[in-house]
Amino acid sequence: MVEPVRPARRARVFSIATAVVFAALSVGYIVLGLGFAALLYGGLTLALLTVLLVVAAFVDSLAIRWIAFAVTLVGAAACAVSAFTQLPSDGGGAVTMLFGILPLLALALFVVTAVARAAHRAT
């Protein structure tokens, strides 16, 4: 049997390693997003989720999961509205980018929720 502290420690290490990857992706989205507003909003949302990922690993609070869910919804809505308003001028390129942005935001939300649950299961 695995002692209850070990999964929490693994979740915290995983959150730091994943936060580095999400931070790099968010910087890339923000840099590329200077030309496309949908990427900019996606990058800013991913940056907020990265911060929430690290906080969720060390702070035991149900509110963090709900805040991450709200941040993801608002960021996805901003990306979608921005992409659809650019539709007449870019020929659908921004809407096509949503196929890459929205699944990544959903993955980030899943990781935040899973890490928060795993890190505080023992307590």
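In a Gaussian network model over the chain where Cα atoms closer than 10 Å are linked, find which of T72, T85, T113 has the largest mean-square fluctuation. Per the Cα network of the chain with a 10 Å cutoff, T85 tops the list. Each label point was placed 7 Å from the Cα along the Cα-to-Cβ direction; for L62 and V95 their separation is 4.0 nm. Please identify, among S61, S89, S15, the residue showing maximal mean-square fluctuation in a Gaussian network model of the chain using a 10 angstrom Cα cutoff. Maximum among the listed residues: S89. Computed extension length for V20-L87: 20.8 nm, one decimal, from 0.36 nm per residue of separation with the Cα-Cα distance subtracted. Over all directions, the projected convex hull of the C-alpha atoms in segment 1-61 averages 4.6 nm² in area.
Considering only L62, C79, G93, and ranking their Cα positions along the charge dipole of the chain that arises from unit charges at the beta-carbon of Lys, Arg, Asp and Glu, the one farthest toward the positive end is L62. The accessible surface of segment 1-81, taken with every protein chain in place and a 1.4 Å probe, is 79 percent carbon and sulfur. Percent of Cα-Cα pairs more than 20 Å apart in segment 68-123, please. That tail contains 39 percent of the Cα-Cα pairs.
Panel note: the C-alpha atoms of the chain, placed on their principal axes, show extents of 58, 23, 20 Å (largest first).
The values are calculated or read from the model by the stated rules, or taken from the named source; none is laboratory data. In this text the structure is predicted, and so the values were computed from the model without any measurement. Don't worry about glycine lacking a Cβ; one is built from the backbone with ideal geometry, like all the others, and counts go over all protein chains shown. Surface areas here come from the heavy atoms of the whole protein model, side chains and all, with no ligands, DNA or RNA. Shrake-Rupley method; radii C 1.70, N 1.55, O 1.52, S 1.80 Å.
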